[in-house]
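For reference, the structure is listed below as structure tokens.
The values are calculated or read from the model by the stated rules, or taken from the named source; none is laboratory data. All figures in this text were calculated on a predicted structure; none of them were measured in a lab. Here the Cβ is made from the backbone with ideal geometry for all residues, glycine too, and neighbour counts use every protein chain on show. Keep in mind that these areas ignore ligands, DNA and RNA; they rest on the heavy atoms of the full protein, side chains included. Shrake-Rupley method; radii C 1.70, N 1.55, O 1.52, S 1.80 Å.
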Amino acid sequence: MDAVQLDDGIQKVFTDSLSKILDASPKILTKYHPELELLLRSLLWRYSVYRERASFGQQMLFLRYSDDQLKSWRLVLHFLFAVAPKYLRDKVTYQYTNSEMLQKAMSYCQNALNILFLLNTMHFLKTGRSPSLADFVLSLEYCDAAGKNQRNIGYFHMTRELLWAGFIEFIGNILPFINYHKLKRRLHGILGERASVHHEKTKLTEKTLCAFCNERPTLPHSISFCGHIYCFYCLRGNLDADPEFKCIICGESGKEFEK
């Protein structure tokens, strides 16, 4: 996985440099951006996998493909997997913008590749083999670049760290979709004890505090059913987040309020 990330970083350095060159070049060269990037990626592949049987990232980690695995037909397929998808995506995205059918087809293909990449990553976390989709499809395994012996490395610690990082990222992505205010209200209704209900309107004085933020109320408003005073923004914000918001003091409905 580290080798894959190193390869992505190295390619990004070259492709970013190419983009800067094209930005400063005549506009006529801009339309050949996909072809020039294809040529650049082909050269990187030529002087790494084809010549050394290892990508630049693998070479930095003293890894390589075994000679008996990368036969001529596998080399061709590896080149297609490594270079062709990016070229086709750029070609369709930037030069065939008027073709709705091609755009949809490319979108479906990209989604399918993302799903396959996710499944392959899960497979890698379980087995510690084939970190890239091309390696899995072609059944390629890494060898020690020095002794050319099969690397048998324990990936338990790495797998645990990756799973933990993935779990934290999952939690971070799903939290915005959880209605915290609604969940809090329901839990409070189940576990909390409701105070005695009374309908006497609370008098606004200099010592009155907002029932929600416990600060001097800004634009004070009171709930019609119980009379407890809130800041307008505290009350309005809670109702926007949870239309069934209830007074946090007595549990009365906060749908209706008055100034």
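At a glance:
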| quantity | calculated |
| --- | --- |
| Stretch gain in nm, segment Arg236-Ala24, where the contour uses 0.36 nm per residue and the Cα spacing is subtracted | 71.1 nm |
| Angle in degrees between helix 33-45 and the longest Cα principal axis of the chain, rounded to the nearest 10 | 60 degrees |
| Size of charge dipole - the chain - debye, nearest 20, with Cβ of Lys, Arg +1 and Asp, Glu -1, no other charges | 140 debye |
| Two-site label geometry, Thr205 and Arg46: point separation in nm, points 7 Å out along Cα→Cβ | 8.7 nm |
| Links that overshoot a 22 Å alpha carbon limit, given the list Lys203/Lys259; Lys182/Lys207; Lys184/Lys255; Lys184/Lys246; Lys12/Lys91; Lys207/Lys255 | Lys182/Lys207; Lys207/Lys255 |
| Cα-projected label distance for Leu77 with Asp8, points at 7 Å along beta-carbon direction, nm | 2.4 nm |
| Most to least packed among 85-95, 13-23, 47-57 [average Cβ atoms within 10 Å] | 47-57, 85-95, 13-23 |
| Surface accessible to a 1.4 Å probe, per residue, for the residues of the chain, Å² | 68 Å² |
| In Hz, Karplus ³J(HN,Hα) per residue of the stretch 222-239 (6.51, -1.76, 1.60; θ = phi - 60°; x = Gly, Pro) | 10, 6, 4, 6, 10, x, 5, 9, 9, 5, 4, 6, 5, 5, 5, x, 5, 5 |
| In degrees, nearest ten, helix 180-191 long axis to first principal axis of the chain (Cα) | 60 degrees |
| Sequence-distant lysines (8 or more away, or on other chains) whose Cα lies within less than 26 Å of Lys71 | Lys86, Lys148 |
| Net dipole in debye of the stretch 201-258 [+1 Lys, Arg Cβ; -1 Asp, Glu Cβ; about Cα centre; nearest 20] | 220 debye |
| Charge-dipole axis of the chain as Lys and Arg at +1 and Asp and Glu at -1 on Cβ define it, positive-most pick from Thr205, Tyr94, Cys143 | Tyr94 |
| Relative contact order, percent, the chain [alpha-carbon distance under 8 Å, six or more residues apart] | 12 percent |
